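The values are calculated or read from the model by the stated rules, or taken from the named source; none is laboratory data. The structure displayed is predicted, hence computed values, not measured ones. Methodologically, a virtual Cβ is constructed for each residue, glycine included, from the backbone with ideal geometry; neighbour enumeration extends over all protein chains shown. For the accessible areas, the whole protein counts, side chains as well, though only heavy atoms, and no ligand, DNA or RNA atoms are used. Shrake-Rupley method; radii C 1.70, N 1.55, O 1.52, S 1.80 Å.
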Amino acid sequence: MVRIGVDIGGTKMEIAAIDESGAELLRRRAPAPGESYDKAIAAIAEFILEAERTLAARCSVGICTPGAVASGRVLSRTPTRAH
């Protein structure tokens, strides 16, 4: 089975796909979706589907993102910097 890991950050999202032996099959990076929650979910889903099409395989997916889950949604806040 191919596994995809999705890392969603404040400025970028990145995916990597590995096979059962741990060999990397694919890695992609794109700007983080940030216009709205619904558009972000759609962009992430398309990123995953595109990887599955490229690999010609259905994949299991794990997602990592900063923030907390509340009411079924991830809440994220951009940290402020002290100047």
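Summing Lys and Arg as +1 and Asp and Glu as -1 over all other residues whose Cβ lies under 11 Å from the Cβ of C64 gives a net charge of -2.
With θ taken as phi - 60° and the Karplus curve 6.51 cos²θ - 1.76 cosθ + 1.60 applied, the whole-hertz 3J(HN,Hα) list for the range 18-26 is 10, 8, 5, 8, x, 6, 6, 9, 7 Hz, x standing for glycine and proline. The alpha carbon gyration tensor of the chain gives principal lengths a ≥ b ≥ c with a/c of 1.5 or higher and a/b greater than b/c, which makes the shape prolate.
The portion of the accessible surface of the chain made up by carbon and sulfur, rounded to a whole percent, is 54 (1.4 Å probe; DNA, RNA and ligands excluded).
Antiparallel beta bridges, as assigned by DSSP with both residues in the chain, represent about 75 percent of the total such bridges. Measuring r between the beta carbons of R73 and A30 and using R0 = 35 Å, the FRET efficiency lands at 0.95. Taking only Cα atoms, what is the 0 to 90° angle, nearest 10, from helix 37-55's long axis to the longest principal axis of the chain? So the inclination is approximately 20 degrees. For the pair E46 and S21, label points projected 7 Å from Cα toward Cβ lie 3.5 nm apart. If you sort E35, E14, E50 by accessible surface, 1.4 Å probe, largest first, the order is E35, E50, E14.
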